[in-house]
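All of the numbers you see were taken from the coordinates with simple rules; none came from a lab. Please read all numbers here as calculations on a predicted model, not as lab measurements. Please note: Cβ atoms are built from the backbone with ideal geometry, for glycine as well, and neighbour counts cover all protein chains shown.
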Amino acid sequence: MSNETRWPPPLRQPSAPPPPSGTINRAAADAFARRIRDEQSLRLGFLAGVVAAGIGAALWALITAATNYQIGFMALGVGFLVGHAVRVFGKGVDTGFGVLGAVLALAGCLAGNLLAACIIASREMNVPLSAILGGLTPALATRVLTATFQVMDLLFYALAVYEGYRFSFRRITEAETRRLTH
């Protein structure tokens, strides 16, 4: 046996070049998208969002009534709370979850303002809160909200809507993304 190396080396069949680093494995991406969409539940996201909006509204009203001062930044808390609840329970990645979170965050803010006005009216008129809430009609609620509206409310409502939208989406983690690449 000889230690000689053959020159030039024998030609090998060219192989396909490896895929560039960071390219997406299409089959893995499709399977991942299917699994994520199968886990989504707009109904659970809605139910959790409604509960969160109710809790946020109650906290907003209680703090406003206790301090006799409307703290607009409570809207950020309502938006975050609603968005987080929609994301955790709805597990959504579609735009509909963001829209749901935005609408429920706005509803929570409006309900918080309305409930605060009712609590303050109850206290000032020395009438049970249940009597005031029992007599509330949509038309009367609209008049109360209009009468207590301040221009600055628009800013805080917009921030709540943004937070509700932004936090309602499930985030794809870096680890999940790495599994989809070659």
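Apply the Karplus curve 6.51 cos²θ - 1.76 cosθ + 1.60, θ = phi - 60°, to the phi angles in segment 151-164 and return the couplings in whole Hz, x for Gly and Pro.
4, 4, 4, 4, 4, 5, 5, 4, 5, 5, 4, 4, 4, x
Amide H of Phe169 versus every other amide H placed in the peptide plane: which residues, excluding those fewer than 5 positions away on the same chain, fall under 5 Å?
Amide H neighbours of Phe169: none.
Going by how many other beta carbons lie within 10 Å of each one, how would you line up Leu133, Leu106, fewest first?
Working: Leu133 13, Leu106 20.
Going from least to most buried by this count: Leu133, Leu106.
Tell me, Val127, Val151 in order of fewest to most beta-carbon neighbours within 10 Å?
Lowest to highest Cβ neighbour count: Val151, Val127.
With a cap of 12 neighbouring Cβ atoms within 10 Å, and only residues DSSP puts in a loop, list the chymotrypsin sites (Phe, Trp or Tyr not before Pro) found in segment 73-107.
Those that pass, being in a loop and sparsely packed, are Phe73.
Applying the Karplus parametrisation 6.51 cos²θ - 1.76 cosθ + 1.60 with θ = phi - 60° to the phi angles of segment 97-102, what ³J(HN,Hα) value in whole Hz is obtained for each residue in order, glycine and proline being reported as x?
5, x, 5, 4, x, 5
Taking θ = phi - 60°, what integer Hz values does the Karplus form 6.51 cos²θ - 1.76 cosθ + 1.60 yield along segment 59-74, in sequence order, with x for Gly and Pro?
These are the phi-based 3J(HN,Hα) values: 5, 4, 5, 5, 5, 5, 5, 6, 9, 6, 8, 7, 9, x, 5, 4 Hz.
Can you tally the net charge around Tyr165? Count Lys and Arg as +1, Asp and Glu as -1, for every other residue whose Cβ sits under 13 Å from the Cβ of Tyr165. Provide the component values of the computation, followed by the final result.
Values: positive: Arg87, Arg166; negative: Asp94, Glu163.
With Lys, Arg at +1 and Asp, Glu at -1, the net is 0.
How high is the relative contact order of segment 97-182, in percent, counting Cα pairs under 8 Å that sit 6 or more residues apart?
57 percent
Counting Lys and Arg as +1 and Asp and Glu as -1, what is the net charge of the other residues whose Cβ lies under 13 Å from the Cβ of Gly79?
Details: positive: Arg87, Arg166; negative: Glu163.
Surrounding charge for Gly79 is +1.
Considering only DSSP states other than H, G, I, E and B, which trypsin sites (Lys or Arg not before Pro) in segment 121-174 qualify as loop sites with at most 16 other Cβ atoms within 10 Å?
Filter output for segment 121-174: Arg171.
7 Å from Cα along Cα→Cβ at both Asn25 and Ala175: what's the point-to-point distance in nm?
Modelled inter-label distance: 1.6 nm.
First measure r as the distance between the Cβ atoms of Asp38 and Phe73, then evaluate 1/(1 + (r/R0)^6) with R0 = 22 Å and state the FRET efficiency to the nearest 0.05.
Computed FRET efficiency for Asp38 and Phe73: 0.05.
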